[in-house]
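The values are calculated or read from the model by the stated rules, or taken from the named source; none is laboratory data. Please read these numbers as outputs of a predicted model, since none were measured by experiment. When we count neighbours, we look across all protein chains shown, and the Cβ atoms used for this are built from the backbone with ideal geometry, even at glycine. All accessible areas refer to the heavy atoms of the entire protein, side chains included, with ligands and DNA or RNA removed. Shrake-Rupley method; radii C 1.70, N 1.55, O 1.52, S 1.80 Å.
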Amino acid sequence: MTAAKQIRFWLIGLGLFVLALWLLSGMLLPFVMGLAVAYLLDPVVDRVERWRLPRWLATTLVLLSFVLVLVLMVLLLLPLVQSQVSHLIEVLPNYANAARDRLLPMLDRLIHRLSPEDVERLRGAAGNYAGDVVGWIGRVLKHILSGGLALFDVLSVMFITPIVAFYLMRDWDILVAKVNSWLPLHHAATIREQAREVDETLAGFVRGQALVCLVLGVFYAVALSLAGLDFGLVIGLMAGLLSFIPYVGSLFGFVSSTGLALLQFDDPWRVAIVVAIFLFGQAVEGNVLTPKLVGEKVGLHAVWVIFALLAGGSLFGFVGVLLAVPVAAVIGVLTRFALGRYLESPYYRGTPSS
């Protein structure tokens, strides 16, 4: 078979795979989450299996422990989050009044400096943008409520994901060996080498970034609560969770907590404490946590990760978000491999190949 026919064969296969993924994206959520859980926990199952336990028993123990930890975290955090949400509903009118009292004088001073024509243009632009934002929010809510069968999705994630994760973890080595036997013989060694690099890149980023999110979430939640900030627990946990997207978690936490602190506290030093918490957290994340836990050689640049997450979410919804980082890792490894081949080729060197 010629090289052109091989390329055409693999491109057709890739196109069919992407098409199937797009057509089935509405039902893939529990399977993708089960695969993610199995990938994260498989090294733990391998270690437990070394205790001379059967694979099925090691898988059962690890999965039950994982589910138990998740349930305990929910049981511990749910009452605290509920109390803060209830408190938010109570004090939200007060915060709205405080924001109005502080912002209106500033807006009045700004408006008095502008000409009547500029004021009218600003009002028209604000009205148009407000209409666009409200329409966008309405479309998103309509899509969530009518297009996703949200209750069915939740139930499927709760009940199907553990089953999928169990069978994948139990048969992980068998599945890997089976896929390995299907590789084209002439390129098997190269594919295995790239697959190992993808695994190292993906494991280094996902497992390391998950630990970074956990450490930051706990730190921000505890520090903001000790600083006396209302809803510090919720903001801290959300900032830690969103830290999986580089810079987004810190930016969200900094903006929301600083704005809330300006409304809540009259003393500037208390606002400064909240600002210092996020500056310290960002410094520790960039200089200690990310280099130690994630590593600087995973090959996934922050901008590339953000682009992959946004593109995956836009194309395939939440399933696309889950698949974004693995796909970004694969594309990154293949791009580096292709670049290396190009730099060794006569196309780069300008000399005929030997």
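Looking only at residues that are closer than 22 Å to residue 309 by Cα and surrounded by fewer than 19 Cβ atoms within 10 Å (Cβ to Cβ) in the stretch 257-292, which one is modelled with the highest pLDDT?
282
Out of (1) part of a helix (DSSP H, G or I); (2) touching a helix residue (DSSP H, G or I) at 6+ places or on another chain (Cβ under 8 Å); (3) open to solvent by 80 Å² or more (accessible area, probe 1.4 Å), the odd one out for residue 51 is which?
So the condition that residue 51 fails would be (1).
Filter the stretch 206-232 down to residues that are open to solvent by 10 Å² or more (accessible area, probe 1.4 Å), among the aromatic types (Phe, Trp, Tyr) and part of a helix (DSSP H, G or I), then give me how many there are.
Within the stretch 206-232, residues that are open to solvent by 10 Å² or more (accessible area, probe 1.4 Å), among the aromatic types (Phe, Trp, Tyr) and part of a helix (DSSP H, G or I) number 1.
Quick check: anything in the stretch 319-331 part of a helix (DSSP H, G or I) and modelled with pLDDT under 75?
Taking every residue of the stretch 319-331 in turn, at least one turns out to be part of a helix (DSSP H, G or I) and modelled with pLDDT under 75.
Hey, can you tell me all the residues within the stretch 1-37 that are part of a loop (DSSP other than H, G, I, E, B) and more than 25 Å from residue 163 (Cα to Cα)?
Initially, the stretch 1-37 is screened for residues part of a loop (DSSP other than H, G, I, E, B), giving 1-2, 24, 28.
Scanning the stretch 1-37 gives 1, 2.
Return a yes/no flag: does the stretch 189-205 have any residue that is small (Gly, Ala, Ser), over 30 Å from residue 334 (Cα atoms) and in contact (Cβ under 8 Å) with a residue 12 or more places away in the chain. Give the derivation first.
Start the filter on the stretch 189-205 by keeping residues that are small (Gly, Ala, Ser), which leaves 189, 195, 203-204.
Imposing the further condition that a residue be over 30 Å from residue 334 (Cα atoms) reduces the set to none.
Looking through the stretch 189-205, none of the residues is small (Gly, Ala, Ser), over 30 Å from residue 334 (Cα atoms) and in contact (Cβ under 8 Å) with a residue 12 or more places away in the chain.
Which one is surrounded by the most Cβ atoms within 10 Å (Cβ to Cβ) among residues in the stretch 233-254 that are β-branched (Val, Ile, Thr) and part of a helix (DSSP H, G or I)?
That would be 235.
Has the stretch 287-302 got at least one residue that is free of Cβ contacts under 8 Å to residues at least 40 places away in the same chain, within 17 Å of the chain's Cα centre (by Cα) and closer than 30 Å to residue 339 by Cα?
Within the stretch 287-302 (the criterion being free of Cβ contacts under 8 Å to residues at least 40 places away in the same chain, within 17 Å of the chain's Cα centre (by Cα) and closer than 30 Å to residue 339 by Cα), the answer is yes, since at least one residue qualifies.
Given the residues 81, 62, 44, which is the only one that is surrounded by 13 or more Cβ atoms within 10 Å (Cβ to Cβ) and free of Cβ contacts under 8 Å to residues at least 60 places away in the same chain?
One residue alone meets the criteria, 44.
What residue, of 271, 275, 319, is touching a residue at least 12 places away in the same chain (Cβ under 8 Å), touching a helix residue (DSSP H, G or I) at 6+ places or on another chain (Cβ under 8 Å) and under 30 Å from residue 39 (Cβ atoms)? Step through it out loud before you land on a result.
Values: 271 fails: under 30 Å from residue 39 (Cβ atoms); 275 fails: under 30 Å from residue 39 (Cβ atoms).
Every option except 319 fails the conditions.
If you go through the stretch 43-98, how many residues are among the acidic types (Asp, Glu) and within 21 Å of residue 232 (Cα to Cα)?
Residues flagged as among the acidic types (Asp, Glu) and within 21 Å of residue 232 (Cα to Cα) within the stretch 43-98 amount to 1.
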